[in-house]
Every structure is written in structure tokens, then in C-alpha cells.
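Read the structure below first, then the notes.
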Amino acid sequence: LVTASIGAFARFNGLGVNSSLTAVGFLWNVADALARYHCPQPGADGQAIGAEATAAFEELWVQIFTHLRVLALDLRPEVRNCAVKSLTSALLSHGRKIGKPCYQRCLRDILIEVMIELQNASIHARNGGQRSASAKAPGMLVHHSRDTPEKQWNETVVLAVEGVRRVLSHFSDEAGVQPFAPLAYRVLLEMKATLGSLNSDLAGAALRALVDLMRIPASSQLVAASVLDEVPDPSGDALVLDADGMTSLWLGGWGVLWKMAKQCMTTEVPESLMETFEKALSSLRSSHAHCFSPGQHLITVMISLVLSTAPVFYLPNGIPLPEANSEEGRGAVVDLAQAVQECAKEALAAGNMTSLDQEVFQFASDAPKALWSLGVRMPPSHNAEPSYSKKPAEVKSFIETNASRNTQIRSMEHALRSTFAESGNMEEATQAFLGPGASPTHRTMLHISSARLQHVQGFVFGLLEDTPGFEEPTLATLFFLLCSSMFLDHQNLLQDTNRFALASRALCLMVMFCRRTFLVHLSRLALPGVDPETLAQEASHLEALVGKAVPQVLKVLQSLAFPQSKPLLRRSGLWKLAMEAGIYIIDDSQLALSQSMLTPDAARAYWEAVLCFLQSSLASCEEIVGSPDVGSTATASEVAGATLLAQALGDLCAHQILPKENVSEEVSCGAIAVLEGLARVQSNCAWCAATLEPPPQAGANQGSGQAPAPAPDSSRPKFSNLGHLFDLCTQANPTDSQGEDEEEDSALFSVVALVASGRSPSKSQRAVAKGNLAGVAAPALLQRLRKIISKYVAEEQQKSPSQVKMALEEETLFALERLSSLHASEAAYRAAGPQAPQSAKSACELAARQAFAMALLPQLSSLVTSPMPSIRSAVRRILEALSAELCL
């Protein structure tokens, strides 16, 4: 009688909202009093009370909750919101006291029904069939988020959805999986229907509740399909079953997410809902990534791809680039279908395939074509054919040197040491290394794109960028190839500026995914006391990454770094980012290469890909910069990019490839040939930069005989690759070493960071001639030196000073300074002598450590009359050292 009176008083709206709210509070007070003083307790003899008393108390609880259910549908938003909150809180507070059967009944017949009825009321209000009973008082302002009946009903639905999720989680702890599963599945079906509306408020709340529901421990427990078959699905979708024919709420949740991914393919998704997708899926992956199957990882990736490639981003905001359609060719062809088949096969063999996964894998195989097809994304309707909102424009350079580049990018070796130095908190050390301070981002690389993603688009793309290192190597390969096919296809990336921005971000994404994956598996390999089976698994994983995934990635990057017969792709400047990404990946993979025992086939595939990438990058720089013999059409931006990248490529060869003990002689010879070419590129860059500079003012250091001062922001020489060739020919000197602190400091950083900051590498990182490599480097160095001196002498014949002449003077002086301090190794000076005649070869061998000076005597003699005092002085020192070596 008391609860009925309070309920009637709360429903009566003649006394105002405050009276009704007070009555709702009284109902909660009654529930508290019932739980505290009148709940069934064991008798004095320890025996439980009778069934009739229990049933009577259960009816009291049901009556209280029923009154709250009625009030939860009140037309006044304040009253129904209060009732929903009170109903949820009362069940959470007293659910364990009312008994499992009564708790289940209240949840099934009251709370879940309230949620469903509220959703129906919201739909009714959306269709204009429900007016709000909350009238706005004159002069009172109402926030825009609840200024219509629909928005007010939506607010109540959001409260109800969150309340159901919380109570279900509480109930699962009390009752177990069997009573929980049918109730949770019914809620899941309602979430699926709500998500289908794509309403920002309702679908966002449903998505958050769905993910939280999946994270409940009981949701992961398997149940027989017959347990859930009792709950009809209005959509007719089949249950998601595992390999044994069992199901769970976890699998059902993935089925709902996959259905959403397919719906988003053909429907415009509100931006606020996209942000909710990113946050919810990031949260799920952060806490439960270890539970994901390959298919579930792929669903997360596909949702991000579907959302980030939505036409709503590139049609209104992208600038079309129509002339790019005239260039044929798709770039490097990747076998995405084969990668999908291998991943599906591995998942099937491991028992990780569900009834849903085959559809997901097939979708991934077709994604590059389907996701960019306007016919698929925007089905024909009465509207006009979709088109760009902005006027077309010509392709220009979108990639420029980044003034805010990060010079503190850490090396993989440093990351591994730091991880174990922080053995008490390895996860924190790993996250610190992968953070923006120690790893590259699209904002802190050497080069940056002026084409940017929209804010929400970048937010959703971040879900891809945060993809964790997969446990399955075939899935990692598939991820690489999927991103390459989606974003780095030559015909697609220059369709508009938005797609170009996606391509730029995708290059950085690949670098970070490699870093994350390598670090995870290298850390496990280096753990003390690891069992042999785990070691074998991790080594196998690294072998698959280094021997299969990395070569395919480098193949894609190579096609972008050297876009043959594609002037528009070259003009866009993407080759700069592609080269930089390749340098990072090769640099980071060196430690993985040394820590894993690759099969001969895997090692061959890796090194072939590395050499092809280096050679293509060299060819690209040579083609872009040009030379004094053929001229140049390069812009200042292209010359600046080629200068930075030529130095980084040379440092990669000299610091990471040539010093390694496990590098074959064939690979080392190839790296030396690349170094020689890069030394030529640096010379041409200096020449080309000089031709682009304005002529010096009259009297400004002309004829002063002084070389131009080096750039103030770098202590590294412009001709570092020529210096690497000198290092290869230099006799090792144990006493010539840096201080331990300096060497340790330079080993902290990646190759790109050393270039960006102008730091010099440590002695242990510098090029070392192993075996007969000095004999390979010596002829290359001599050829380069002869070319430098002959170019300078030819330019000296020009009467008027020029910027080109000043650049040649600087390079010649650098070469002579290094030559004057060169103490050639035995293999180098034996290779320095010409093949014929024998007397010349004998003379070079007689000169021993000064064999290079002997071999260059004809060229050096042409410099003794140079007007540059510094050059004459350097030649004199060289000849004096030669005389001393010959004891003359």
C-alpha cells in the first residue's frame, strides 16, 4: 500500500516536478529499508525461512521496481531520468540481497524492458508522434542538446543503456554465465538495432555499452548455441560460432561490430560517432588485445579503414588532381589475396577461425577496390552524382623539409637496453620508446606533408597507427600489404590531396608498426630463462617478418622512392618520405637480423630487397638532382631533400650494414658501390644548390682563397659519403677512439636522428673494411677523387668567380684534407695501384700507407698552382707525407 501510494504520488504531475522527484526518492528509501530490516534471514536455529515468506518478499521488491519502471517512461524528462537512475542504483545496491531468481526476473522483466520501451519512445518522438511534457518557462534557456522531445528521450535512453550494462556486469558476478548469457544476448541484440540507426547519441551510447559488455569476464565464457537460440534475433543474423560450434557474448559482440563495419561502407557516419568508434575500439584493444583472434584484429583494422576512407572526407575537403589520371601503372604489385589466404590458413590450423572470419578475410581481400569505389560507398539515389566540392588543381610538391623534425629518435638497440634496464617496469619503458619523443611521427620526420587529414579523419586513422604487434607473422604481413594496397597505390594516391595525406601518414604508420613489432619480439628473445620453445617461436616470428614482410614493404617503398616515368609522382615529393621510411625500417631491422638465425632463403630475400631499395634510392637522387654534364631541373626543395637523404642513406650503409659481421661480401660490395654513387650525388647536390643560390655580392669573399663556412646547424661535412669511403680504406688504429661518453651518446640515436642533428657517429658504428672490402673501396675512392680534382681544375680555367666554383673548392679541400691524414690499410694500398704498367703498381705498393697520394700524383701536380692558398697548403702536406713514407 505504501509503495503504491508513493508511486501514484510520483506519477501525478499536478504538484510539479519537484514533488515527483521527492516521491521517486521515497521509493528508493523504501527499497533501502526493505533490504536493511526486512530481507529474509536465517532463523535462530540457522535454518532458512520458508518459501512462502521468500516469495512474499520477492513480490515486494518487484512491486517497488515496477513503480520505478512506470516512472521511467514518464513524459517529464526530469522524472524519468531520476527513475532510471534510481532503478539502476537500487538493483546494484540490493541485487545480491533479493536472491538470484528475483534478481534475474527484475533484470529481465523490468530493467531491460524499460530500455526497450524507452528506445521505442525515442523512435516515436523522432517521427513526430510524441510531445514533451516539460514546457519551457518564459525566459528560460534550454541547452541545444535537449531542446527537442527526441533529444530528451535520447538522453533517457543513454542513461538506461548504461544502467543495463552496469547491472548486467554486477549480475554476472553473482549468477554465473548460464543465467547471464541469455539476458546479455538480448541486450546485445538491442545494441545492434540501436547502432543501426547511426544516431550520434544513441549509437554512441550503444557502442560504448557493447564494448563494456564484451569486456565482462562472463562474456568470454563459451556456452552452447542452444542457450542463445531461445532469444530470437529480429534481424535474422546467424550466431557467431567457434570451431567447436560453441558461442559466447564475446563472439556475438564481434558479429555486431562487423555488421556495423559493413553498414558504414554505404552510409554516412556522423563524425562524433566516428570518434566514439575510435575510443571504444582503442579501449577494447588496450585491455583485451591478447584475446583477439586474427579475424578480430582484422575487423578492428577494417573498421578504421572504412571510416578513414569515407567519401565525406575527400569529396568536400580534398582538392582533385585530375592530371594524375594520365600516368599509368599502379607501382609495386603486392599479392594481397595470397597474404589473406596464408593468414586464414594459419588461423584455421591454430583453431582460431570462427564462422564470421571467412567473410572478414574475403572482405579484406576486396577492400582496396571496394573502399575507394564511389559506386559502392555511395549507392545511386535521387541525388546528383557525387563529385568534389573544390576546383581541380595541378600537382605540386606537397612534401617539404620539416623545420620541427625530431633529432632525438632513439635506436632499436638503445630501446632494447632501456627496456631491460627498467626491468621492473618494462611496459612503461616500451611505451616511452614508442612515444613521440623517441620514435618518429608524421609531424617529426625529416620531411612533412602540407596535405593534412581532417581532424576526425586523423583521429580514426590513429586506430591504425596504434595497431599492436601481432602474434601471427602472417597477420603482420597482411597488415603491411593491406595498408600498401589501400594508401600507396600510384593511381590512387594522387587522385586528390586527401588521399595524398593518407599516403603520407601510411608511410609513418609502417615505420611505427615495424618498430613496435620488432621491439616486442626482440624483448621476448632477450628475456633471461626463456624456455626453448618460446625462443624458437620468437625466432620464427622474426624470421617471417624480416624475410617476408620487410622485403615486400621495401618493394613498395622502392616504387615510390624511384617513380620511373612518373613525373607527377616525382613532383609531389612523396619520394622523400618513402626513402626516409625505408631508411628507418632497414635501420630498425638490423638488430632483429642479428638476433635471429635466418634461413638462407629468408636472408637472401631480405638483402636483395635492401640492396634494390638502396640502388633505386640512389638512382632516384641522381635523376632528380642531375649533374654538371647533363644539367638539372631540380627545385631548391628537391635538392634539399636529396642532400639530407643521400647523407642518411650513406650513413645507413656505413654505420649499419658494413660494420655487421654477418653481412655477406656480396652485400658489402653492393653497399660500397652505393656509397660511391651517393658521394657523387652529394657532389652534384652541392653543385646544384650553388646554381640555385643568388650570386654573391661584389667583394664578398671573392678571391679570398677561403672555403665557405659550413652550415651553422650541423657539424657534419657536406660530403660525408666521400668520408665513408676514406674510412673504409683507413688502417685501423686502436688508440684513435672517442671517449666512452661520446660513443655511448651517439649510439643512442637512429641513423636519421644523427643526420637531422648533425651528430657524428661513434667509432664502433663507422664503416670498417672487412676482408677484401678495402680492395673494393680503394678503386671507388680513387675514381671519385680523380673526378673531383679534374672538375675543380676545369672550373679554375673560368676567369670569373661563381657559386659553382666555390662549391667545387669546398669539396676539393675536403678531399685533400682527408687524403693528407689518410693512412691506408694494406689491402687498400695494394688495390690503389693501377693494373698496368707494373712499374706504377710497384710504386704504389712502395708508398704503402701513402699509396693513394702516389696514385694521384698526376692530379695533385695540377693543383700546385691553384689560386687557393688552402688547397696549395693541403697538397704540400700530402707530398710531404709521401716523401716521409718513402724516406726521401
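The values are calculated or read from the model by the stated rules, or taken from the named source; none is laboratory data. What you see is a predicted model, and the numbers here were worked out from it, not measured in a lab. Backbone-built Cβ (ideal geometry, glycine too); neighbour counts: all protein chains shown. Please note that ligands, DNA and RNA were not included when accessible areas were found on the heavy atoms of the full protein model with its side chains. Shrake-Rupley method; radii C 1.70, N 1.55, O 1.52, S 1.80 Å.
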TODO: Could you quote the convex hull projected area for the stretch 398-493, Cα atoms only and averaged over all directions, in nm²?
DONE: 8.0
Open item on the list: Which log10 I(q)/I(0) values does the stretch 585-694 give at q = 0.14 Å⁻¹ under the Debye formula, counting every alpha carbon as one identical point scatterer?
Closed with: -0.59
Task: Cβ crowding within 10 Å averaged over residues, with 292-299, 225-232, 347-354, 749-756 ranked highest first - done: 749-756, 292-299, 347-354, 225-232
Task: Under 19 Å from K100, Cα to Cα: aspartates and glutamates that are on another chain or at least 8 residues apart - done: D32, E52, E58, E59, D109, E113, D173, E174
Open item on the list: For K805, give me every one of the lysines with a C-alpha distance below 16 angstrom, ignoring sequence neighbours fewer than eight places off in its own chain.
Closed with: K718, K787, K791
Open item on the list: Just to be sure I understand the model, the point goes 7 Å from the Cα along the line to the Cβ. What's the resulting T401 to N662 distance in nm?
Closed with: 3.7
Open item on the list: Using a Cα-Cα cut-off of under 14 Å, which aspartates and glutamates could be cross-linked to K548, ignoring same-chain neighbours fewer than 8 residues away?
Closed with: D335, E342, E472, D601, E608
- [ ] Starting from the eigenvalues of the Cα gyration tensor, five times each then square-rooted, give me the equivalent ellipsoid semi-axes of the stretch 790-888, largest first, whole Å.
- [x] 27, 14, 11
Open item on the list: Starting from 0.36 nm per residue, how many nanometres of slack lie between K100 and E428 once their C-alpha separation is accounted for?
Closed with: 113.9 nm
Open item on the list: Let's test the formula: R0 of 35 Å, r as the Cβ-Cβ distance of T22 and S197. What FRET efficiency results, to the nearest 0.05?
Closed with: 0.50
Open item on the list: Can you sort K566, K555 by solvent-accessible area, 1.4 Å probe, largest first?
Closed with: K555, K566
Task: Above-threshold pairs, the threshold being 20 Å between Cα atoms, out of K192/K259; K85/K259; K85/K151; K259/K279; K396/K576; K396/K555 - done: K85/K259; K396/K555
Task: Stretchable slack from D531 to L846, in nm (0.36 nm times residue separation minus alpha-carbon distance) - done: 107.6 nm
- [ ] Please work out whether the stretch 191-254 counts as rounded, prolate or oblate from its C-alpha gyration tensor, where a ≥ b ≥ c are the square roots of the eigenvalues and a/c under 1.5 means rounded, while otherwise a/b larger than b/c means prolate and anything else oblate?
- [x] oblate
